[in-house]
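Every number here is computed from the coordinates shown, using simple stated rules; none is lab data. In this text the structure is predicted, and so the values were computed from the model without any measurement. Positions of Cβ are backbone-derived with ideal geometry, glycine not excepted, and every protein chain shown enters the neighbour counts.
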Amino acid sequence: MSDIAAQRLVPIDVDGLCVTAHNRLLLAELNCRIGAEGITVLMGPNGAGKSLFLRCLHGLIPPQSGRIEFAGCQLDQSIIKRQSFIFQAPTVLRRTVYENLAFVARLRPEISADETDRLLTEMRLNHLTKQPARLLSGGEKQRLAMARALLTAPNLLLMDETTANLDPASVQIIEASLRTAAANGLKIIIVTHNIGQARRLAHDVLFLNAGQLTEHTPAELFFTNPRSAAASAYMRGELTTTG
Ligand SMILES: Nc1ncnc2c1ncn2[C@@H]1O[C@H](COP(=O)(O)OP(=O)(O)OP(=O)(O)O)[C@@H](O)[C@H]1O
Ligand SMILES: [Mg+2]
C-alpha cells in the first residue's frame, strides 16, 4: 500500500450510531458506508440531525452507542487531526489574513510558502493579505476558512453549510476548489440545503430525516428518483422541519 493510500480515512463505516439527549433519540441507529469516491452530500430538513452526524464524524459528540471506523480504525485523536471541519459560522484568528494561514503553515514544516500563496490566489484573497481577518466580510471569512482547511492537507474535509450565505461568485470559487480537491483524492463530506449545489457536487447523497437515515443513493439516482418518501417530499419542497 502506498503512503497516500495508507493515510486515507475511507471508507467510513458507521454502525448502529445512536445519539440521545434529554431522552430524545437524535440519531437513530445510523448505518452506512461512505466510500472513497468524490463528494458525499448530506441532506435533510432542519433538525434532521445532519450537523450532529457531521460532529460525530469529527469526534465532537460522543455517541451513546454504535461505532464509526475510518479505513477500519476506530475514531481517535490521530484520525481527528487528519480531518478539517469548516463550520457554517467561520472562525478566524485575530491576526491578518496572511498570518491566519502562516500560523497553520508554521505548525507543519512540510507546507511551503508557495502553497500558502497558491491558496490565497485560489480563494481570491491575495488583495486582502494584510487586512485583519476579523474585518473580512462573511464570504471572505468563509474563503479564508476554506484556504486554512486545505492548507492543513487533511485526509477528510467536513463542511457544514459552508456556502449558505455566500454570493454566487464566492460559491463558485469554493465549489471549484472542492472539485479540484476531490479530483486530487481528498474525501469531502458536505451538508447543504442548496439542491443546485448538491446536484453540481454530489457523487452520492445521504438523506436524513428526524434522526433516521432514509437513504444513501448515488447522485444520478437521487436527483431523478429518490427512493425514500421523505427525500421525495423534501425535493418537492413539501418536507420542512422534523418534529
Ligand atoms: N447538544 C444538543 N442537545 C440536545 N439537542 C440537540 C443538541 N444538538 C442538537 N440537538 C437537537 O438535535 C436535532 C438535530 O440537530 P442538528 O443540528 O443536527 O440539525 P440539522 O439537521 O443540522 O438542522 P439544520 O438544517 O437546521 O442545520 C435538533 O432537533 C436539535 O434541536
Ligand atoms: Mg445543521
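Could you tell me the center-to-center distance, by alpha carbons, between the stretch 61-112 and the stretch 122-189 in angstrom? Going from one Cα centre to the other spans 14 Å. A simple rule links phi to the HN-Hα coupling: the Karplus curve 6.51 cos²θ - 1.76 cosθ + 1.60 with θ = phi - 60°, which for the stretch 192-208 gives 8, 9, 7, 5, x, 5, 4, 4, 5, 10, 6, 8, 8, 10, 9, 10, 10 Hz, with x for Gly and Pro. Principal-axis analysis of the Cα atoms of the chain puts helix 97-107 at an angle of about 80° to the longest axis.
Taking other Cβ atoms within 10 Å as a rough exposure proxy, Thr20, Thr116 sort from fewest to most as Thr20, Thr116.
Note on Arg108/Ser65: beta-carbon distance plugged into 1/(1 + (r/R0)^6) with R0 of 51 Å gives a FRET efficiency of 0.90. Where the alpha-carbon atoms of the stretch 49-171 are placed on the principal axes, they occupy 48, 34, 23 Å, in descending order.
Diffusion of the chain by Stokes-Einstein, at 25 °C in a medium of 0.890 mPa s and with Rh set to the Kirkwood radius over alpha-carbon pairs, works out to 132 µm²/s.
Before anything else, pin down the relative contact order of the stretch 156-233: Cα pairs under 8 Å, at least 6 apart, normalised by residue count, whole percent. Relative contact order of the stretch 156-233: 24 percent. A cut-off of 5 Å between modelled amide H atoms, ignoring neighbours fewer than 5 places along the same chain, links Gln88 with Asp160. Summarising the label geometry, the points placed 7 Å from Cα in the beta-carbon direction at Thr224 and Arg95 lie 5.0 nm from one another. May I ask you to list the lysines whose Cα is less than 17 Å away from that of Lys130, ignoring any residue fewer than eight positions away on the same chain? Straight-distance partners of Lys130: Lys141. Residue-wise HN-Hα couplings along the stretch 31-37, as the Karplus relation 6.51 cos²θ - 1.76 cosθ + 1.60 with θ = phi - 60° gives them from phi, are 10, 6, 10, 9, x, 6, 7 Hz; Gly and Pro carry x. This model, with +1 at the C-beta of Lys and Arg and -1 at the C-beta of Asp and Glu, gives the stretch 62-183 a dipole about its Cα centre of some 360 debye. Given +1 at the Cβ of Lys and Arg, -1 at the Cβ of Asp and Glu and no other charges, the dipole of the chain around its Cα centre is 580 debye to the nearest 20.
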